[in-house]
Every structure is written in structure tokens, then in C-alpha cells.
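The next block holds one structure in the form of C-alpha cells; read it before the comments.
The values are calculated or read from the model by the stated rules, or taken from the named source; none is laboratory data. What you are looking at is a predicted structure, and each value in this text was computed from that prediction instead of being measured. So basically every Cβ, Gly included, is an ideal-geometry build from the backbone, and we count neighbours across all protein chains shown.
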Amino acid sequence: MAKKEVVTPERMKKLDACLAANKNRQGGLMPVLNESQKIFGCIPVEVQKIISKELNIPMAEIYGVITFYHQFSIEPKGDYIISVCMGTACYVKDAQKLVDEVTAEIGIGPSETTPDYKFTLMATRCVGACGLAPVVIVNNREKGDDVYGRLTVKGGEMKDIISKY
Amino acid sequence: MTALEKLNNTKQITMKNLELRLGKQAGDNKRHVLICEGTGCLSADAAKIEGIFADEVKKNNLADSVEIVRTGCFGYCQVGPIVIIYPEGSFYSRVKLEDIPKIVQEHLLGGAPVKDLLLPEAVNADGSITPFNDVPFYKIQKRVALRLCGLVNPENITEYIAFDGYQALNKVLGMKREDVIKEIKDSGLRGRGGGGFSTGMKWEFCFKTENAQKYVVCNADEGDPGAFMDRSILEGDPHSIIEAMAIAGYAIGANKGFVYVRAEYPIAVNRLQLAIDQAKDFGLLGEKIFDTDFAFDLEIRLGAGAFVCGEETALLNSIEGKRGMPNPRPPFPAVKGLWGKPTIINNVETFANIPQIILNGAAWLNAMGTEKSNGTKVFALGGKVENAGLIEVPMGTTIRDIVYEIGGGIPNGKEFKAVQIGGPSGGCLTKDQLDAPIDYDSLLELGAMMGSGGLVVMDEDNCMVDIARFFLEFTVDESCGKCPPCRVGTKRMLETLIRITEGKGEMEDLERLEVLANNIKASSLCGLGQTAPNPVLSTLRYFRDEYIAHVKDKKCPAGACTELLEFFIEDSCKGCTLCKKACPVDAIIGERKELHVIDQEKCVKCGACIPKCPFKSIVKK
């Protein structure tokens, strides 16, 4: 599997700025991790090492925090993250079938990434757009979110959505 | 000029401009175009709608008479994207981009609302128009926490000030701290985040704990699936939360507050940050507020996707930068909270009530709702109802009124089956409880709970065992792992439920589930574990037949549990072979142009064949 480039000099610069801003802040670890996840799309071990040194927090503790929260990941995700909302309102309107359709289409299950790092599938927590249930969001870090709501779940919809990317 | 004079000046000037939104004709052909830009409508192109309106207004030289206003959620999400035009209160629903030039030409230029683009219920038989807050969806609602959502521009502090904003803060700064707390206590306000603990009592405990440093925390870690009221308040009326937190800070003697928000709510976070900055610029946060010695500062902290962080001690740990795991209580946060200092934690909706209680008095809130549950409650109504959205009703309103009067009943002529209240901590109620009043205590009695107010309606196609499994899967995933009853117990319950939905259950499993559930409830460390078994217990109580059907007959009456269904091809099959090609296990037999048959031995029930069939001949039974 091709390795995705995660740590670039430009991104490291952003991390430095973020560390400087949060170094002496009470409870600064969470904001730093949130920001790192945004900058790199994940929090790889080499970034964790820098955070550990700068904030003077043991690696073990940082690893503990990262693995505790769903939004943090150590491995890089795909360019397009397909999030199928699995909140109750979407679930009772057959969101599970949308997840299955993506799996059938591109061969990855929830929380998995395609080998070319193009797509990651997430069965996500309630996005709070229950009036549009069932909802699917396709996110790209540069282009932002594309939201698909009021899906009919009659089959073929996810294929059409995926083919747009 | 004193700070209060500055505030009142702004109020007066702004109100003059806003009067036409209150149904008062402003004359001069002035109009306000309010565009809902809550998350729901923004997901349906509301930002583009604003852009096109702006272009059209410019093109037609209407800039002097028309104001385009970005607002928070109107609540009627089902018919979004929504645009309301004042002074008429014309309710444009499901607005399409291509409709906008027509609205601008006929309504803004011509002065006549475009009737065929309005919400159908808003146009009467005689051709007259019902203003937006009088359509059936809003009729029995009572908006307190959502008072300004959809009425003001949340990104403009002066509009909040026009509607009495920050007057309550000014008022309390002239009161004794004890009197502020007494007012809140007397109002009977109970925590809207789920527990229903008296807000005034919480404040009093913290007030009585002596410490030079105290904190106010707002819990906006809204994790319940199907609930989005806290987000909508932050998006639609962020200043009410800022004002309330400052009031709380004064009452208990804290000079610092934190708002802990889910990172999944970027719009809410941006609007709140903007509101905090504006309040600081206006002198309503920071040092010497209203020329007194009171100082208060506010900071946003983001969560990172952990449901358990909605539990107060877990939330505090998360703010401190740790794993968000709960601590045993006591000590309660009011005594020993954030960084060991006395802290009060209130939910967003609770805070949204505070300024109005201060301005209108305790008796005002007391007059609404039931004896022990005062005021109103916001619910996120969703699932199988005609009108999904965000609603606010007086406590004590019946489930029937909510589902049928506001929700408009069940779509597609289906039968109402159950309503799930309170998310993963709550329970399912049936049509026998439709007339039960919704308040904290009656819901607990029925085996559900208020929770944060998610209200998901289900019809005959939803399997209650499957729903119980769905919630258990959620809690197993979100259990923090600190205490064994929750970590291990919920996992065992889930395994049992999966067995049942796969047709491998035994009758003894039902009893085992109940015993285990009660043990988990009694022995878990925090609210997550203590309430996690509720979805299972309530469905076992009201839908036991359905469990028995799964166990004894190996059938799913609702037709939802795939493992218990068999796939069949009906006679309408034309033999196109598309399904045969789609089948991953070669279970479909049949020659071209001949009726196909599914080999039940081979079929893995993946469902891949169903969408492929152009004749809809494949059915599950």
C-alpha cells in the first residue's frame, strides 16, 4: 500500500505556531490535538513526539488521549471521507443500507480506507440534520463538505454519489 | 455615557429597524428577508440562497429598502430551506435557487407574496396568507429557549440587544448574589440536559463553597443521536448563553467560564466565538462590566467525539486535557470541579432560560408547565413523522399532541408504533402512552427519560429488538471503559441482543437481559452506564411479544432483521439475469428470459440483488 505523505515542512510550521499559542495554556493538550488533526488529517507518532516534548506531557498520556476520542486518528484517512449519519432519525430511515451500499461499491467497511487513500467510510454519529434524514456527508479537507439529504434508499444512490469524486 | 446608557441607546436604535419583524408595518415599503442558516438548511444550499438574494437585490436597486438577514434555525426543518419575508411573515418553504428572481420581482418589487412558492398550509382557501408563526406546526408551541432563534441575526449583537439582550445581566449586577440564586431556585428551573436537577440548588451549592477561584461551564457536548437543540440555540441565539453564563458567574462568584462544544458543530462554534468577540468589544465581557467591579471572561473548548464527555465529571477531565472519563461523585463539581475548583455545569438549553427568568421573574416560569416540571422543553422531533424539526412546548404536553398536532402524523399511511424519547438513555413508548404528559417525572415512571430531548418516531416497519440493539451498539462503543458494569455488562447485553436478532436466542435470554440490565443500572459509575439498559428494558416491557417472536418463531414481525428473512423472486421476473450477475455467492438460478429462483441454502441475505432488479420482483419475507 502506498504511504500517504502526511508530514510536510509547511504543515510542521503550522504545528509550531499552534504549540506556541497553547504551550502555557491550562488544559492545552486538547486544543493542540484538535489542531494537529486538522493540520495533518491525523496525528502520527512523530507529531506526537513533538507535542510531548513541547507540552512536557508523556507520550503514553498523549497516546491515551488520542485513542480515547473518535475524532483523533493515528493513521491517515482518505481524501474523501464518506460519512453516513447513523443517528437514530437516520437509522430508522434505513441508513444502514446506505453503509452497505458503499461497502458493496468500493469494498471498504466502516472506519476503513481504500488502498489508494481516496475514500474513507465512516458510520458517523448524529450530525443533527434530522430533518434531512437520511443524510450522507462527503468531506474533503480542502473543498469542505458536500451534504446529501433526504435520500430515498431505493438503491443506486450511493453509487451516483461516489461516481462524482 | 454609562455602559447602561450605551446599551439602551443601541436597543432603541436597532429596535426601530426590527419592528417590522414583529408584525408592525414599518411603511416605506421596507422588507426584511430572513434566511434560515442553521445546519439543516445550510446543508440544503441556504448559503447559495443568500448569495442569489443579495445579487438580485443589488441588480434591482433594492438595497435601501430590503435587508437580507441571516438567522438561526426556524425549527421547521422538514420544509427547509426556509425564507421568511417580513412584515407579511410570508413563509417560503423548500426554496429553490431558480425561484429567487421571481420572489424578488413579485414580492420585493411588486409587493405581492408569491403564493405558489409559500408553504401550502400558509395559504388559506380565500387566498389570504397565514403568517409563519401561526401555521399548524407552531400553533401549540411556546418558544422560550428558542425565543430569538429565527428572529434575529446571531452574528449581530445589536439585534440581540434590541430584544432586551444583556438587560438581565445589568439587572443582576444590582442584586445581591443570594437573591439571584433565590430567583432561579424559586422559578423551579430544572436541568434541561437530562437529569432534571434543580438549577438553583446547583448554583447555591457552588455559591456556598468558599474559594477565590470558581468556574462556570456550559455543557454543549450534545451527543444524543437525534438531538440538536443545543446546537440550534448556539447557532441561532449565542448571546443568550453568554449573558446567562455571566449571570451565573456573578451569582456564584466566578470570573471565568468555559463552553465545551462538540467539534462536529463548526457553525455553532464560529457563531459563538464571533458572539464572544462582539460582547467583549461592547464591554459586556471582560473587566468592569456595566461599570461595576464584576469581571467575567469566556473561552470555548472543543470536544473530539466522545459521547461520555456529556457527563459532567468526564467533561471537566476533557477540558483539563485528559481522557474524558467520569469520576465518582461526591465530591460534586460544585465543591471540587475544574482543576479542583468549585464549578457549576449547566446545559445550553438551561442557560437559555436564565436571562428571561431574571427579567420576567420566577413566577413567570412557574406559571408554565406542570407542578414539578416548570417551563418549556425543546425537542428534536424526527424519524417517521411528516414534520421533522425542532420544537418547543410547555412541559406536560402529551406525546399525541407532539406527534400528531405538530408532527402531522406518520407519513405514507403507516401505523404509529413507538416513540423513542431521550436517546441512548431513554426508552420507547407505545401508542398506549400517547396521552401521557411529557415531564421529567412521568417519563421516568414510564421507563423512559427526558434525556436531552430527542424524540424519534417509529412506524410498523421498525423492529423494536433491532432498535434496542442499535442503542446498545452505541453505548458499547461509547462506554469509556472505566467501570466494569458498563464496559463488560453492556457488551454482554449487546451479544445477547445480536443473538436474538439472528434467530439464535432462547427464552432464558429475555430474563438474563433483565437481570443484567438492572445490575448495570445499579452499579455503574456514571449516568451513561446507569441509563444504558433503558432502551432494552423499555422495549422488553412494552414489546415483549416482538422479542418472543424473534426467539420462538424465528421471525421478525417488522421485517427488519435481515437474518430472519428469506429472499424470494416473484412471478413478475422477466429473466433479465441482472440479479444473477450481482449475487456474490451464485445463489440465484435461472436461464435468460426464464423465472429465476433463489437457492435459500446458498443465499447469504446480503441484499445485493434487490436494487439491481428493474422489475422490483425480489422481496424479503
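Is one or more of the residues making up the stretch B:469-484 within 28 Å of the chain's Cα centre (by Cα), under 27 Å from residue B:384 (Cβ atoms), modelled with pLDDT under 95 and surrounded by fewer than 20 Cβ atoms within 10 Å (Cβ to Cβ)? For the stretch B:469-484, residues within 28 Å of the chain's Cα centre (by Cα), under 27 Å from residue B:384 (Cβ atoms), modelled with pLDDT under 95 and surrounded by fewer than 20 Cβ atoms within 10 Å (Cβ to Cβ): present. Kindly indicate whether residue A:109 is more than 10 Å from chain B (Cβ to nearest Cβ), of a type in the set (Gly, Ala, Ser), part of a loop (DSSP other than H, G, I, E, B) and within 23 Å of residue B:582 (Cα to Cα). In short, yes.
Kindly establish whether residue B:348 is in contact with a Cys (Cβ under 8 Å, 6 or more places away or on another chain) and either buried (at least 22 other Cβ atoms within 10 Å of the Cβ) or more than 10 Å from every other protein chain (Cβ to nearest Cβ) (or both). Considered against the rule, which asks whether it is in contact with a Cys (Cβ under 8 Å, 6 or more places away or on another chain) and either buried (at least 22 other Cβ atoms within 10 Å of the Cβ) or more than 10 Å from every other protein chain (Cβ to nearest Cβ) (or both), residue B:348 comes out as yes. Taking the criterion of being surrounded by 12 or more Cβ atoms within 10 Å (Cβ to Cβ), under 13 Å from residue A:80 (Cβ atoms) and of a type in the set (Asp, Glu), the residues of the stretch A:135-165 that qualify are A:145, A:146.
Out of B:103, B:82, B:161, B:68, which single residue is within 21 Å of residue B:402 (Cβ to Cβ) and not assigned by TED's automatic domain parsing to the domain that holds residue B:392?
Numbers: B:103 fails: within 21 Å of residue B:402 (Cβ to Cβ); B:161 fails: within 21 Å of residue B:402 (Cβ to Cβ); B:68 fails: within 21 Å of residue B:402 (Cβ to Cβ).
Exactly one residue qualifies, and that residue is B:82.
Given the structure, is residue A:74 surrounded by fewer than 20 Cβ atoms within 10 Å (Cβ to Cβ) and among the aliphatic types (A, V, I, L, M)? Full working, then the answer.
Details: surrounded by fewer than 20 Cβ atoms within 10 Å (Cβ to Cβ): yes; among the aliphatic types (A, V, I, L, M): yes.
Yes.
Where in the stretch B:514-621 are the helices (runs of 4 or more DSSP H), entirely inside, with at least 3 residues that are surrounded by fewer than 20 Cβ atoms within 10 Å (Cβ to Cβ)?
Numbers: elements: B:527-531, B:534-542, B:544-551, B:578-582.
Ranges flagged: B:544-551, B:578-582.
When residue B:323 is tested against (1) farther than 17 Å from residue B:219 by Cβ; (2) more than 13 Å from chain A (Cβ to nearest Cβ), just one condition goes unmet, and that condition is (2).
Look at (1) crowded, with 24+ Cβ neighbours inside 10 Å; (2) in a helix (DSSP H, G or I); (3) modelled with pLDDT under 95 and you find that residue B:267 fails only one, number (1).
Right, residue B:327: assigned to a loop (DSSP other than H, G, I, E, B) and without any contact (Cβ under 8 Å) to a residue 60 or more places away in the chain or not?
Working: assigned to a loop (DSSP other than H, G, I, E, B): yes; without any contact (Cβ under 8 Å) to a residue 60 or more places away in the chain: yes.
For residue B:327, the condition - assigned to a loop (DSSP other than H, G, I, E, B) and without any contact (Cβ under 8 Å) to a residue 60 or more places away in the chain - is met.
In the stretch B:224-260, the residue that is surrounded by the most Cβ atoms within 10 Å (Cβ to Cβ) out of those that are farther than 30 Å from residue A:88 by Cα and within 14 Å of chain A (Cβ to nearest Cβ) is B:257.
Name the helices (runs of 4 or more DSSP H) wholly inside the stretch A:39-100 in which the number of residues that are farther than 30 Å from residue A:131 by Cβ, away from chain B (no Cβ under 11 Å) and under 18 Å from the mean Cα position of the chain (by Cα) is 2 or more.
Working: elements: A:45-55, A:59-68, A:88-91.
Qualifying helices (runs of 4 or more DSSP H): A:45-55.
Scanning the stretch A:1-33 for residues that are under 29 Å from residue B:339 (Cβ atoms) and more than 14 Å from chain B (Cβ to nearest Cβ), we see that the one that is surrounded by the most Cβ atoms within 10 Å (Cβ to Cβ) is A:15.
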